[in-house]
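The values are calculated or read from the model by the stated rules, or taken from the named source; none is laboratory data. Values in this document were obtained by computation on a predicted structure and should not be read as measured data. Using ideal geometry, Cβ is built from the backbone for each residue, glycine included, and neighbour counts are taken over all protein chains shown. Accessible surface is based on the protein model in full, side chains and every heavy atom, while ligands, DNA and RNA are left aside. Shrake-Rupley method; radii C 1.70, N 1.55, O 1.52, S 1.80 Å.
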Amino acid sequence: MSDSSRSVSAPPHIRLRFAPAPTGLPHLGTARTALFNWLYARHCGGELVLRIEDTNAELATAAHIDQILEMLEWLGLDFDGEPVLQSRRSALYDAAVQRWLDNGQAYLDDGAVRFAVPDDGVTAFDDIVRGRVEFPNASIEDFVVRRSDGSATFFVANAVDDLDLGITHVVRGEDLLNTTPKVLLLRAALGATEAPAFAHLPLIVNKQRKKLSKRRDDVSLTSYRDQGVLSAAMVNYLALLGWGPPDGTEVRPLAEIVELFDLADVNAAPAMFDTDKLTAINGDYLRALDDADFAVAIQPWVSAQPWGTHLDSAALRDVAPLIKERTRLLSDAPDRIAFLFAEPEIDPDDWDATMVPPARDILDRASSNFAGTEWNADSLHASLREIGEEFGLKLGKAQAPVRVAVTGRRVGPPLFESLVLLGRDATLARLAVAQARLAR
């Protein structure tokens, strides 16, 4: 995670931290928070620290930490210095709690330690996204800073670490907004005279405008990766969840997003997660790949199929142009090219819809013509167009029974280019099977 090319001898003016809790699978909200921290740090030429909030021993696991690191690596987000583990900083937290106890700012309560919140006054801060935010101290309870098992709470670790690490900007989700006054009270009790700049990012909601839920929505970043969303497309889309480029061009290189990104432009309104838009953006990124890179990208999904175990990216390079334009997810690719490498499964509805008169005559004529024509897309196109004209049909109607007979479906990659790759013998054999079926 470290980057030795950056000097950390003199901390820059801007320093942020991404502080996930390793208590479950990384989800979209976690990824968006990581990205916005990274974008602002890189936009400002500042530093970004990865801090793992693993003080909850019951929930935080090494496996969950590994999943966070894997997520960040997939997204391409780098950090400055080695990760900071809060589980190794308990001495700092204990010292802070003892200081408050000694100063009469905290007190024992049934084995735990609570911070004594002032009865009057207001704890306030200016949020980059939300403007002025104020909390009357009278509305804040005396909260726990040390649990009965001796461990420090979230509030303590945040206050101590942000001070100790010199964090200048705290960028996190809106759901943590209500914790901010408690952290500010603790900072002040530690002698801090200034607070970091806060930016609480908007909630992410689904199409029904309900907050994304693990129980109801597909929020796992791993799920979208496994469906075949490119990391670059996911980063581009996540950047649009609460922020938008001033020129309105949403799909653009990451370097341009970094240049344009500013926390001041983040919208406080909830951001809707739209899977259709995500896959559309992913399609844009897939179309931008050259054929060789697209073949490499789809190869893992193809290799997972019984008919594709022996196929490498070189073998798939010729089929890439057939499906690249319409592919939105890499996981869609195998289904679209399976007929080229295995006997097709005929869709019964497509068969019934297309194999009506004069389908049998069209297949007879196609078999005859294809046996002797030059085997290239132009010749096959011209041959089938002539057959259609004989029956008073446009090319689309004439090619439908041929497509179903050869590929199994009415919709698929460009037909004539597909026939060229399939080969004359295989094409004629599949036409013969369909002719025999119609003759029964």
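Filtering segment 212-230 down to residues that are touching a residue at least 24 places away in the same chain (Cβ under 8 Å) and out of contact with any helix residue (DSSP H, G or I) (no Cβ under 7 Å at 6 or more places or on another chain), which residue is surrounded by the most Cβ atoms within 10 Å (Cβ to Cβ)?
Asp217
Any residue that is closer than 30 Å to Gly45 by Cβ, outside any helix (DSSP H, G or I), modelled with pLDDT of 95 or more and among the small types (Gly, Ala, Ser) - is there at least one of those in segment 260-270? Walk me through how you get there before you give the answer.
We begin by selecting, within segment 260-270, every residue closer than 30 Å to Gly45 by Cβ; these are 260-269.
With outside any helix (DSSP H, G or I) added as a condition, the list becomes 261-262, 266-269.
When the remaining residues are screened for being modelled with pLDDT of 95 or more, the result is 261-262, 266-269.
Next, only the ones that are among the small types (Gly, Ala, Ser) stay: 268-269.
The answer is yes, given that some residue of segment 260-270 is closer than 30 Å to Gly45 by Cβ, outside any helix (DSSP H, G or I), modelled with pLDDT of 95 or more and among the small types (Gly, Ala, Ser).
Which residue out of Arg209, Arg187 is of a type in the set (D, E, K, R) and either open to solvent by less than 50 Å² (accessible area, probe 1.4 Å) or assigned to a helix (DSSP H, G or I) (or both)?
Arg187
Which of the residues that make up segment 253-275 are of a type in the set (Asp, Glu) and farther than 21 Å from Leu230 by Cα?
Glu259, Asp262, Asp265 - these are the residues of segment 253-275 that are of a type in the set (Asp, Glu) and farther than 21 Å from Leu230 by Cα.
Checking Arg6 against (1) at pLDDT below 95; (2) buried (at least 22 other Cβ atoms within 10 Å of the Cβ); (3) basic (Lys, Arg): exactly one of these is not met. Which one?
That leaves (2) as the condition not met.
Determine which single condition Lys182 fails, assuming it passes every other condition in (1) assigned to a strand (DSSP E or B); (2) among the basic types (Lys, Arg); (3) open to solvent by less than 40 Å² (accessible area, probe 1.4 Å); (4) farther than 21 Å from Pro22 by Cβ.
All conditions are met except number (1).
Let me confirm something: among Ala197, Ala192, Ala233, which residue is aliphatic (A, V, I, L, M), open to solvent by less than 20 Å² (accessible area, probe 1.4 Å) and either modelled with pLDDT of 95 or more or on the phi > 0 side of the Ramachandran plot (or both)?
Of Ala197, Ala192, Ala233, the one residue that is aliphatic (A, V, I, L, M), open to solvent by less than 20 Å² (accessible area, probe 1.4 Å) and either modelled with pLDDT of 95 or more or on the phi > 0 side of the Ramachandran plot (or both) is Ala233.
Could you list, in sequence order, the residues of segment 321-336 that are open to solvent by less than 50 Å² (accessible area, probe 1.4 Å) and closer than 24 Å to Ser383 by Cα? Can you show your working first?
First, the residues of segment 321-336 that are open to solvent by less than 50 Å² (accessible area, probe 1.4 Å): 322-324, 327, 329-331, 333-334.
Leu322, Ile323 - these are the residues of segment 321-336 that are open to solvent by less than 50 Å² (accessible area, probe 1.4 Å) and closer than 24 Å to Ser383 by Cα.
Whether any residue in segment 141-158 is modelled with pLDDT under 95, small (Gly, Ala, Ser) and within 29 Å of Ile204 (Cβ to Cβ) is what I want to check.
No; the residues of segment 141-158 include none that is modelled with pLDDT under 95, small (Gly, Ala, Ser) and within 29 Å of Ile204 (Cβ to Cβ).
Take the residues in segment 394-410 that are touching a residue at least 24 places away in the same chain (Cβ under 8 Å) and not in a helix (DSSP H, G or I), then tell me which one is least open to solvent (accessible area, probe 1.4 Å).
Per the criteria, the residue is Gly408.
Which one is nearest to Met234 (Cα to Cα) among residues in segment 313-349 that are of a type in the set (Val, Ile, Thr) and touching a Leu at 6+ places or on another chain (Cβ under 9 Å)?
Applying the filter and picking the extreme gives Thr327.
Among Glu417, Glu389, which is surrounded by fewer than 20 Cβ atoms within 10 Å (Cβ to Cβ) and either under 36 Å from the mean Cα position of the chain (by Cα) or assigned to a loop (DSSP other than H, G, I, E, B) (or both)?
Glu417
Just to check your reading of the model, which residue among Arg147, Arg130 is farther than 30 Å from Asp265 by Cβ, charged (D, E, K, R) and in contact with a strand residue (DSSP E or B) (Cβ under 9 Å, 6 or more places away or on another chain)?
Arg147
Out of segment 40-68, which residues are open to solvent by less than 50 Å² (accessible area, probe 1.4 Å) and in a helix (DSSP H, G or I)?
Tyr40, Ala41, Arg42, His64, Ile65, Ile68
Sort out which residues of segment 69-107 are part of a loop (DSSP other than H, G, I, E, B) and of a type in the set (Asp, Glu), and write them in order of number.
Those that are part of a loop (DSSP other than H, G, I, E, B) and of a type in the set (Asp, Glu): Asp78, Asp80, Glu82.
Which residue pairs have Cβ atoms closer than 8 Å, lie 6 or more positions apart in sequence or on different chains, and pair a first residue in segment 312-324 that is at pLDDT 95 or above with a second residue that is open to solvent by less than 70 Å² (accessible area, probe 1.4 Å) and not in a helix (DSSP H, G or I)?
Filtered contacts from segment 312-324: Val319/Pro413; Leu322/Pro413; Leu322/Pro414; Ile323/Pro413; Lys324/Leu289.
Of all residues in segment 348-376, which are within 17 Å of Arg409 (Cβ to Cβ) and surrounded by fewer than 16 Cβ atoms within 10 Å (Cβ to Cβ)?
Pro348, Asp349, Asp352, Ala353, Val356
Identify all residues within segment 286-312 that are small (Gly, Ala, Ser) and within 24 Å of Asn236 (Cβ to Cβ); write none if there are none.
Taking segment 286-312 first, the residues small (Gly, Ala, Ser) are 288, 292, 295, 297, 303-304, 308.
Answer for segment 286-312, where residues must be small (Gly, Ala, Ser) and within 24 Å of Asn236 (Cβ to Cβ): Ala288, Ala292, Ala295, Ala297.
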